[in-house]
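Worksheet: the structure to be examined is printed underneath.
The values are calculated or read from the model by the stated rules, or taken from the named source; none is laboratory data. On a predicted model such as this, the values are computed, not experimentally measured, just so you know. Cβ coordinates were reconstructed from backbone atoms using ideal geometry, including for glycine residues, and neighbour counts include every protein chain displayed.
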Amino acid sequence: MQAGTAAPGQETAAREVFVDSPAGRWTPWPVNWSAVWVGTLTAIAGVFLFGLIGVAVGAHLLGTESRVVDLKKIGLGTLAFSVFSAFLSFVAGGWGAGKVAGILRSEPALLHGAITWLVAMPALIVLAGLGASSYLGGWHGSLAGTPTWAAQPATPYDRPDPLGANATEEERGRFRTEQAEYREKVRQWQEDTPKATRNAALGAISALLLGLIGSVVGGWMASGEPMTFTHHRKREALTAPETSRSRI
């Protein structure tokens, strides 16, 4: 064998070491779907619970009164309750997913919290579309929409009953007054609809983003690691002595 030429077995071993090195392959993060579903159900239950509490204490309104045309008219208590309910519901969901999975590292715990939020979003949209939007609160209730094949919702005002052939002059005058008031309400409703739709979309977006932040924070809390962005740098230094002692 000439100098500088490796044996065939040695070449194969070198190639195998290169292929099996951590830098040359993907390292997937496993997902505990049982924990994700538990966290999703927890978050949905929290949304319903806070929504019903909001309706009971008057923080959320139902029917036509729930339309927000002017954002300046939203009360401070209603705004605070909407923010905390959207946030805390998904904090509980992310925390439940992390605890059920038994995750002790912040990174996979954050991942499970975010996946919990992803799974909960379609479920909330389906529930809102099926008619449960009144129980989801003001912001999550905005996720409900009207399907393209369904009839467009009419105005919530009743048209005055038509007069009979023997109506008196007084009844005719009252009918004209009611007809004018009805037309004015319908006109105002149509003018306010674009503003109310825009504000409802803003509320839904705020609820979704707060839910995402809450689920990530909840998963992070479940891991038990310090909630700092530099802990992963200190983690290696803390675990290195333990690894050295275990090898000895």
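Step by step: first the residues of the stretch 201-239, then only those that are surrounded by fewer than 10 Cβ atoms within 10 Å (Cβ to Cβ) and farther than 27 Å from Trp117 by Cα, then the one that is modelled with the lowest pLDDT. Which residue is that? Even if it seems obvious, please write down each step before you answer.
Let us first name the residues in the stretch 201-239 that are surrounded by fewer than 10 Cβ atoms within 10 Å (Cβ to Cβ), namely 229-230, 233, 236-238.
Now drop any that are not farther than 27 Å from Trp117 by Cα, which leaves 233, 236-238.
Details: Arg233: 66, Glu236: 62, Ala237: 60, Leu238: 57.
Among those residues, the one meeting the criterion is Leu238.
Go over the candidates Ser82, Ser66, Ser89, Ser106 one by one and state the one that is under 15 Å from Gly218 (Cβ atoms), at pLDDT below 90 and not aromatic (Phe, Trp, Tyr). Before you say what the answer is, go through the steps one by one.
Values: Ser82 fails: under 15 Å from Gly218 (Cβ atoms); Ser66 fails: under 15 Å from Gly218 (Cβ atoms); Ser89 fails: at pLDDT below 90.
Every option except Ser106 fails the conditions.
Which residue, of Arg172, Arg159, Arg198, Arg183, is over 23 Å from Pro30 (Cα atoms), modelled with pLDDT of 80 or more and out of contact with any Ser or Thr (no Cβ under 7 Å at 6 or more places or on another chain)? Outline the logic, then answer.
Working: Arg172 fails: modelled with pLDDT of 80 or more; Arg159 fails: modelled with pLDDT of 80 or more; Arg198 fails: modelled with pLDDT of 80 or more.
None of the other options fit; the residue is Arg183.
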